[in-house]
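Have a look at the structure below before the remarks.
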Amino acid sequence: MFLESLFYDACSDKTKSLNSIAINVNKKYKVKISKQGISSRYTEEAIKYVQALIGEALSHQIMHSIDCGWFKLFNRVLVKDSTKFDVCEKLAKQLPGFGGNASKAGVCIQYEFDIKAGGVNDLNITAANRPDSTDTSETITKVRKGDLIIRDLGYSILSCFMIMHNIGAYFISRLNTSLAVYEKKEDKLVELDFGRLYKLMSKYRIQRLEKQVFIGKKDKFPVRLIVELIPEEEVNKRLHKTNAYNKRKGHNTSDEYKEKVRFNLFITNIPKNNLKAGVISKIYKMRWQIELVFKAWKSIFGIDNNEKMKYERLICLLNVRLLLILINWDIFMHKRSRLYNKTGKLISINKCFKTLKENSSELCHILINNCKKLIQWIEQISKLFDSHHWLEKKKNKMGLMEIMLLNYYKSNNYDYI
């Protein structure tokens, strides 16, 4: 009854009142309970119960791998990021936000999944003020040999890159501008002069180049550095944003940053003979797939749609919404793999999640009733996916399909490098 009441709340477009939940329990199970009685069920034990269900879902994942193009080079292709949103200020003690002019209370959800096979590698709810860099250090043991890790600057920690490399994993990341960069000249390591590099690339109209460099003042860790010039208007946008931030903090923008801001800078330990420089920067764009996932979580499943409530209820509700998302994600990834192998085309996360959300109440009813008629429900959803759910390519933009098949196109004399 408790789980059904959570699903009843989680499937709604707006958070249900405690009174509505009490009425629903009475209607479904003929059990009379007050809204205070419902509220008293949200406890630390209830949180552990729902988290255990999440653990069960994660431990029974079935991989639905797509082996094409450069995907074949890696066991898993892991993309990670976090999504954050405000919650009631009364929860600031349990879920502190960033303070100041920002929110006093907030939630952060860390999420990492395998683009290649769909498996979820990490899913964790924390306070909004927990840095992404802390998450990197605390979850580094989840990285395996043969993985490709694609992450944003917030997760960029040199010591973790070194651990990934030592265990036989690979990474693609933006270069943290605070890191010292050295290149070898006449058997000596000298700091790379980005101002001089900009003049050189501008003079000879070089849009992209690659250097073998060493990063970190102490560690001098060897990596490939891919350097791409960006348009002047983008440079000005970056400078304006950074200057405004530094002004609020009482700092000045460093000359070193002003030199590096003219480039897109990527670092990787993938051998050059496996993937060329142009492929590396394009693969990094796949990181935006996780932004599409977060968008679906919020706009379709309403993960951030929470009224004022006590801490225990909020955590229970968030976990049940994530449980529902995980179940639907597994269904989506299974169908994605089947249809790709059959047609060579991909289905859209957004379109499929909308259909799944519209049918989520029926799914929850099936789950509560010992999964009777689950196969029929999945077959019904599968038929819907077969039409009007294809991923559409945006005009003048390289889509997911093209990025996935970069190596394939190169081998057939298509110049995507």
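Which of (1) part of a helix (DSSP H, G or I); (2) among the polar types (S, T, N, Q); (3) within 20 Å of L3 (Cα to Cα) does N370 not meet, given it meets every other one?
Of (1) part of a helix (DSSP H, G or I); (2) among the polar types (S, T, N, Q); (3) within 20 Å of L3 (Cα to Cα), only one is false for N370: (1).
Let me confirm something: among F214, F161, which residue is among the aromatic types (F, W, Y) and crowded, with 20+ Cβ neighbours inside 10 Å?
None of the others qualify; the one that does is F161.
When you check I349 against the structure, is it crowded, with 18+ Cβ neighbours inside 10 Å and in contact (Cβ under 8 Å) with a residue 24 or more places away in the chain, yes or no?
Taking the combined requirement at face value, the residue satisfies it.
Tell me, which helices (runs of 4 or more DSSP H) wholly within segment 1-86 include 2 or more residues that are over 24 Å from L322 (Cα atoms)?
Those helices (runs of 4 or more DSSP H) span 18-29, 35-40.
Given the options N252, N243, name the one that is in a helix (DSSP H, G or I), more than 15 Å from R174 (Cα to Cα) and not charged (D, E, K, R).
N243
Within segment 176-190, which residues are surrounded by 15 or more Cβ atoms within 10 Å (Cβ to Cβ) and either in a helix (DSSP H, G or I) or at pLDDT 95 or above (or both)?
Answer for segment 176-190, where residues must be surrounded by 15 or more Cβ atoms within 10 Å (Cβ to Cβ) and either in a helix (DSSP H, G or I) or at pLDDT 95 or above (or both): V181, Y182, E183.
Could you tell me which of the residues E291, E358, E256 is of a type in the set (D, E) and either more than 30 Å from T242 (Cβ to Cβ) or at pLDDT 95 or above (or both)?
E358
Please go through segment 93-104 and pick out each residue that is at pLDDT below 95 and either aliphatic (A, V, I, L, M) or farther than 20 Å from Y311 by Cα (or both).
G100, N101, A102
Would you pick out the residues in segment 136-170 that are under 16 Å from the mean Cα position of the chain (by Cα), among the charged types (D, E, K, R) and part of a helix (DSSP H, G or I)?
K142
Which of the residues spanning segment 38-64 are in contact with a Gly (Cβ under 8 Å, 6 or more places away or on another chain) and either among the charged types (D, E, K, R) or surrounded by fewer than 16 Cβ atoms within 10 Å (Cβ to Cβ) (or both)?
Across segment 38-64, the qualifying residue is only M63.
Only residues in segment 191-213 that are part of a strand (DSSP E or B) count as the first member; pair them with residues that are of a type in the set (G, A, S), Cβ under 8 angstrom, at least 6 apart or cross-chain, and list the lot.
Listed by first residue and then by second, the contacts come to E191/A180; R208/A277; R208/G278; R208/S281; L209/A277; E210/A277.
The values are calculated or read from the model by the stated rules, or taken from the named source; none is laboratory data. Worth saying up front: this structure is predicted, and the values here are computed from it rather than measured. For neighbour counting, all protein chains shown are included, and Cβ atoms are generated from backbone atoms with ideal geometry for every residue, glycine included.
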